[in-house]
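Single-structure report; data block below.
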Amino acid sequence: MLAAALTIAGSDPSGGAGLQADLKIFHRFGVYGEAAPTLITVQNTCGVRRIEVLSPELVEEQIRAVLDDIPPDAVKTGALGNAGVVEAVARALERFEGPLVVDPVMASKNGATMTDEPARRTLVEKLLPRASLVTPNLEEAAALASMPVDDLDSMARAAEKLRSMGSRNVLVKGGHLEGDPVDLLLNSRGEFQQFTGRRSATRHTHGTGCVYSAAITAHLALGLQLAEAIQRSKNFVSEAIRTNPGLGRGSGPLNLFAE
């Protein structure tokens with residue numbers, strides 16, 4: 001039977017991030033994609049002009065409709081907007097037993113707020129305890145763990161703190177580190193593992209975090225073990241950045257057809 005994955009995330013009309021990118025990635029890896037929008041943005045590669053968060057009731061109803069009919073093998077969350085939506089997502093997923101990847105998207109590439117402070121607190125209280133994996137970048141890890149995160153040592157401390165909040169596994173992404181982009185996984189056994197990629201000199205990195213977490217989700221839906229899912233996804237993202245199609249006047253999308 002065809003594996004399925006559900007993304008619960010914001011909409012990016014330019015197609016490089018958010019649920020549009022997630023669905024493309026699910027399809028890229030042979031997984032049937034489902035999507036429950038949480039917020040609507042007006043954006044392109046040059047920036048975000050407007051954000052409208054959907055009602056928590058509408059978000060919850062979308063998720064329940066999907067779970068009732070085509071239950072996904074894995075679920076990921078992206079930008080959730082406000083505390084009400086976070087609570088609605090947590091309620092809707094109460095009985096979901098498959099892998100849940102929480103990508104705690106807090107801001108767009110150019111700094112537009114996608115998840116406000118009350119939503120961050122609610123995410124820690126309600127959603128992280130349900131997460132199989134949380135995938136913060138350095139800034140998100142710092143915000144969630146309430147500490148500076150700017151090197152491998154602080155990434156490890158932040159991962160330990162986030163794991164103590166309930167997530168079974170924590171992947172702190174080091175794309176903004178100096179030098180090689182090293183990601184650090186703290187797994188459910190308390191073991192650390194590093195994943196190193198290639199850095200490309202390009203401004204076309206729109207949607208990198210969404211693509212990475214969606215690829216991990218797709219691989220988990222297909223039944224891969226976590227470390228292998230991360231490594232394959234890391235390799236894919238590195239190649240997708242390197243071979244980006246050069247679209248847009250700003251920070252353009254990745255090559256979602258990358259091999």
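Taking first residues from segment 48-60 that are at negative phi and in contact (Cβ under 8 Å) with a residue 24 or more places away in the chain and partners that are among the hydroxyl-bearing types (Ser, Thr, Tyr) and part of a strand (DSSP E or B), the Cβ contacts under 8 Å between residues at least 6 apart in sequence or on separate chains come to 48/41; 51/41; 51/113; 53/38; 54/38; 59/38. Search segment 187-200 for residues that are farther than 17 Å from residue 152 by Cβ and pair each with any residue that is open to solvent by 40 Å² or more (accessible area, probe 1.4 Å) when their beta-carbon atoms are under 7 Å apart and the residues are at least 6 apart or on different chains. The qualifying pairs are 188/168; 198/242; 200/242.
In segment 206-230, the qualifying residues are those that are in contact with a strand residue (DSSP E or B) (Cβ under 9 Å, 6 or more places away or on another chain) and assigned to a loop (DSSP other than H, G, I, E, B), and the one that is modelled with the highest pLDDT is 222.
Within segment 193-216, the set of residues being over 14 Å from the mean Cα position of the chain (by Cα) and buried (at least 18 other Cβ atoms within 10 Å of the Cβ) comprises 195, 197, 204, 205.
Out of everything in segment 139-192 that is hydrophobic (A, V, I, L, M, F, W, C) and part of a loop (DSSP other than H, G, I, E, B), what residue ends up being surrounded by the most Cβ atoms within 10 Å (Cβ to Cβ)? Here the answer is 149.
Number of residues in segment 77-124 that are at pLDDT 95 or above, of a type in the set (Asp, Glu) and under 19 Å from residue 161 (Cβ atoms): the value is 1.
The values are calculated or read from the model by the stated rules, or taken from the named source; none is laboratory data. Given the structure is predicted, the values throughout are model-derived calculations rather than measurements. For neighbour counting, all protein chains shown are included, and Cβ atoms are generated from backbone atoms with ideal geometry for every residue, glycine included. Only protein heavy atoms, including side chains, enter the accessible area calculation; ligands, DNA and RNA are left aside. Shrake-Rupley method; radii C 1.70, N 1.55, O 1.52, S 1.80 Å.
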